[in-house]
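The values are calculated or read from the model by the stated rules, or taken from the named source; none is laboratory data. Quick caveat, the model's predicted, so the values are computed rather than measured. All Cβ positions, even for glycine, are placed from backbone atoms using ideal geometry, and neighbour counts span all protein chains on display.
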Amino acid sequence: MHSDTRFIWRHKDLLDVDQLNRQELFHLLDLAASFQEINTRPVKKVPTLKGKSVILFFAEASTRTKTSFDIAGKRLSADTFGLAASGSSIQKGETLKDTVLTLQAMNPDVIVLRHCSSGAPHFVAERVRCSVINAGDGWHAHPTQALLDCYSLRRIWGDAFAGKTLLILGDAAHSRVARSNVLLLSSLGVKVRLCAPRTLLPSAVANWPVEVFSDLNQAVRDVDAVMALRLQLERQQAGLLPDLREYARRYCLGLHHLQLARPGAHALHPGPVNRGLEIADDLVDDPLSLILDQVSAGVAVRMALLYLLATRNDAHTDTGERA
Ligand code: CP
């Protein structure tokens, strides 16, 4: 896979996947594939983003997204700076607007923002000159998760997305991951199924390009991959799920479910995983699980994205300089 180094990236920010056309998406995925090799070297560092500054502003908890953006930036020699709501002046009452104007005054090239409010990255992107990457906003979007999921699926499926069937299982109502994945994968011709109890389906599901199921054994039949979602208990109102054991009995994805799917079907999960609730131990630890491949893909995809955004105004470098 070779990305075109003459490709001009036109986006200042990445706020959701629907910004990207097919050419931009595959350019980003190809670039990520070329960066993936750096992650396997004994010395995992190239000078590509030397002199660039990336602020990781995570106002909500994260392990995978924050760490992988940090590693991605550092492997490209960018300087990365972490800021959490806890321990920042947000605790003294500073508003989001004043916080990001303060950060902008320090001239970063990119702000990576995770926030509990849907739309917060859009609000910030309108107010700062630097690039803004949405690292997950409320229930709304998680574009880099969808991009890394697409990267992981491409490693299994190749470029033949059209006609494949993906089942997204579980708490779609509260899942920014589900929304971004439905947008991205359906735009590539993937047939998307959702399976969840009625209370965990998005209220506007009738407008989503998906087929809805309530029975997992039916939903999983003949699919090419299954993406189990985390049950987002922290975002749920009381009463949506009266009994977690009953939920696990009906919706916990196990290795036996994949036997009903197409041969070679894999399981994905964005993490963090509630073992035994959304996905069973036997599947999490089986080679048919892509969960840790997704984490590795996250570093490569975020390297590609930081590269594209942080260098978009620079005279363009060639492959030799990147590697
Ligand atoms: N998938 C995901 O966003 O994980 P984190 O919350 O750990 O970043």
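Things to note:
- Residue match in the stretch 250-267 (condition: modelled with pLDDT of 95 or more, of a type in the set (A, V, I, L, M) and more than 23 Å from residue 156 (Cα to Cα)): no
- When residue 270 is tested against (1) assigned to a loop (DSSP other than H, G, I, E, B); (2) within 16 Å of the ligand (Cβ to nearest atom); (3) modelled with pLDDT under 95, just one condition goes unmet, and that condition is (3).
- Close Cβ contacts (under 8 Å, 6 or more residues apart or on different chains) running from residues in the stretch 56-84 that are under 18 Å from residue 124 (Cα atoms) to residues that are assigned to a loop (DSSP other than H, G, I, E, B) and within 13 Å of the ligand (Cβ to nearest atom) comprise 59/116; 60/116; 84/59.
- Residue in the stretch 152-164 that is of a type in the set (Phe, Trp, Tyr) and either closer than 18 Å to residue 289 by Cα or more than 16 Å from the ligand (Cβ to nearest atom) (or both) present: yes
- Matching residues in the stretch 187-206 - criterion: being more than 19 Å from residue 25 (Cα to Cα), surrounded by 13 or more Cβ atoms within 10 Å (Cβ to Cβ) and among the basic types (Lys, Arg): 193
- Any chance residue 109 is surrounded by fewer than 19 Cβ atoms within 10 Å (Cβ to Cβ), touching a strand residue (DSSP E or B) at 6+ places or on another chain (Cβ under 7 Å) and of a type in the set (D, E, K, R): no
- Remark: residue 170 matches the filter, which requires a residue to be within 16 Å of the ligand (Cβ to nearest atom) and assigned by TED's automatic domain parsing to the domain that holds residue 270.
- Restricting 180, 186 to residues that are under 19 Å from the mean Cα position of the chain (by Cα), touching a residue at least 40 places away in the same chain (Cβ under 8 Å) and part of a helix (DSSP H, G or I) narrows the list to 180.
- Applying a threshold of 8 Å to beta carbon distances and a minimum spacing of six or more residues, or different chains, the list of pairs starting in the stretch 212-228 at a residue that is more than 16 Å from residue 288 (Cβ to Cβ) and outside the structural domain of residue 253 (by TED's automatic domain parsing) and ending at one that is at pLDDT 95 or above and of a type outside the set (A, V, I, L, M, F, W, C) is empty.
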